[in-house]
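None of the figures in this text is laboratory data; all of them are computed from the coordinates on show. Please read these numbers as outputs of a predicted model, since none were measured by experiment. Cβ placement follows ideal geometry from the backbone for every residue including glycine, while neighbour counts extend to all protein chains displayed.
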Amino acid sequence: MAEDIREEAAKYYDAQPNPTVDIPFYRARIPSPLADVLELGCGTGRVLVPLADACRFIHGIDSSEAMLARCREKLKAAGIAENKAQVTRGGISDFDLGRRFDLIIAPFRVFQNLETDEEVDGLFECVHRHLAPGGSCILNVFNPKRSAEEMRRTWCVPEEVLEWEKMLDGGRRLARFLRRPRMDTEKMIVYPELVYRRYDGDVLEDEAVLKIAMRCYYPDEFAQLVTDHGFTLIDRWGGYAGEPYGQGPELVLKFSE
Ligand SMILES: C[S@@+](CC[C@H](N)C(=O)[O-])C[C@H]1O[C@@H](n2cnc3c(N)ncnc32)[C@H](O)[C@@H]1O
């Protein structure tokens, strides 16, 4: 497996203001307490850990060992046994767990990290292979605020901007900066760089940079992509507060075979 691009930044993932509003959304979509759930790109278990007690079994896959190590620690701290929740290292476009699931999810825009058509096709093939009869999958991407043309013109900026900062235990300060240096304007893939800096007073103690790819999808295009891969759309949302599809900050699609 390729190098772990999250090795340095994983320790700050759970400190950032993540959208906890999606956790009750995914919890409510677990069809029964007897359901088996698969999370693609489970990361530190932000969603996986609180979902574990609402299903029979939850499995998480992620390519980052650093993120998974944190997830395993959280499962252990919560006293969640291995017959209830497991995580394995792997790519979400190319895995075979040899079993099927009633619900497959990929919260917090994981799908957008897939840059190539081959990876996207691979993910949908994996979903076909792992969905139980009657099961469903929910994928999420952000809803681009700007038109494609405007994105191409304005996404890249020379300066670094402060996104948020917060105090940590022990009086340290954690700040996250965003750089927007590069975009593939043909494939509509943006390459943000997330820079975490931890300070003790004014002294910079640590810096971790995470460079990711985010492939952009517009509402109709995202829905079409799902049906083009042989699935039937069941439901759609524009955000986790129930916004109409295409009108909120997120694009969320639920589909089945
Ligand atoms: C933004 S985090 C989301 C983590 C978690 N789903 C959440 O909601 O907090 C994206 C995660 O997807 C994982 N990821 C991205 N591309 C992946 C791939 N091709 N295969 C496996 N995991 C991947 C990353 O390692 C990272 O942990």
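Listing T185, T232 from fewest to most neighbouring C-beta atoms within 10 Å gives T232, T185. The calculated FRET efficiency for D228 paired with A175, based on their beta-carbon distance and R0 = 35 Å, is about 0.25.
Modelled this way, with points 7 Å down the Cα-to-C-beta line, the labels at E73 and T20 are 1.9 nm from one another. With a simple spin-label model that places each label point 7 Å from the Cα along the Cα-to-Cβ direction, the separation between R89 and Y218 comes to 4.0 nm. The separation of the range 51-66 from the range 86-147, counted between C-alpha centres, amounts to 13 Å. Using just its DSSP H runs of length 4 or more, each adding -39500 (n - 2.57), the chain gives a mean residue ellipticity at 222 nm of -6500 deg cm²/dmol after division by all residues.
Based on alpha-carbon atoms, the Kirkwood radius and the radius of gyration of the chain give Rg/Rh equal to 0.96. For the range 155-163, backbone phi angles converted through the Karplus equation (6.51, -1.76, 1.60; θ = phi - 60°) give residue-by-residue couplings of 5, 6, 9, x, 8, 8, 10, 6, 8 Hz, Gly and Pro being listed as x.
Here the calculated FRET efficiency for E186 and A54, from their Cβ-Cβ distance with R0 = 35 Å, stands at 0.25, rounded to the nearest 0.05. Using every pair of distinct Cα positions in the range 32-95, the Kirkwood expression returns a hydrodynamic radius of 11.4 angstrom. Among the GluC sites (Glu not before Pro) in the range 78-125, those located in a DSSP loop and surrounded by at most 12 other Cβ atoms within 10 Å of their own Cβ are E82.
Scanning residues 5 or more positions from L38 or on other chains, those with amide H under 5 Å from its amide H are H59, L103, I104, I105, with H placed 1.01 Å from N in the peptide plane.
Loop-located trypsin sites (Lys or Arg not before Pro) across the range 1-101 with a Cβ neighbour count of 12 or fewer within 10 Å are R99, with loop assigned by DSSP. Counting only Cβ charges, +1 for Lys and Arg and -1 for Asp and Glu, the dipole size of the range 71-133 around its Cα centre is about 600 debye. In a reduced charge model with +1 at each Lys and Arg Cβ and -1 at each Asp and Glu Cβ, the chain shows a dipole moment near 700 debye about its Cα centre. Averaging over all projection directions, the Cα-based convex hull of the range 51-131 occupies 5.5 nm² in the image plane. Could you list, in their original order, any pairs among K187/K211; K11/K166; K11/K145; K11/K211 whose Cα atoms are separated by more than 20 Å? The pairs that break the limit, which is 20 Å between Cα atoms, are K11/K145. Toward the positive end of the charge dipole of the range 148-214, with +1 on the Cβ of Lys and Arg and -1 on the Cβ of Asp and Glu, the farthest Cα among A148, V195, M214 is that of A148.
In whole angstrom, the range 160-221 maps to an equivalent ellipsoid with semi-axes of 31, 12, 8, each derived as √(5λ) from the alpha carbon gyration tensor and ordered largest first. Under the convention that each Lys and Arg Cβ holds +1 and each Asp and Glu Cβ holds -1, the size of the dipole of the range 148-214 around its Cα centre is about 180 debye.
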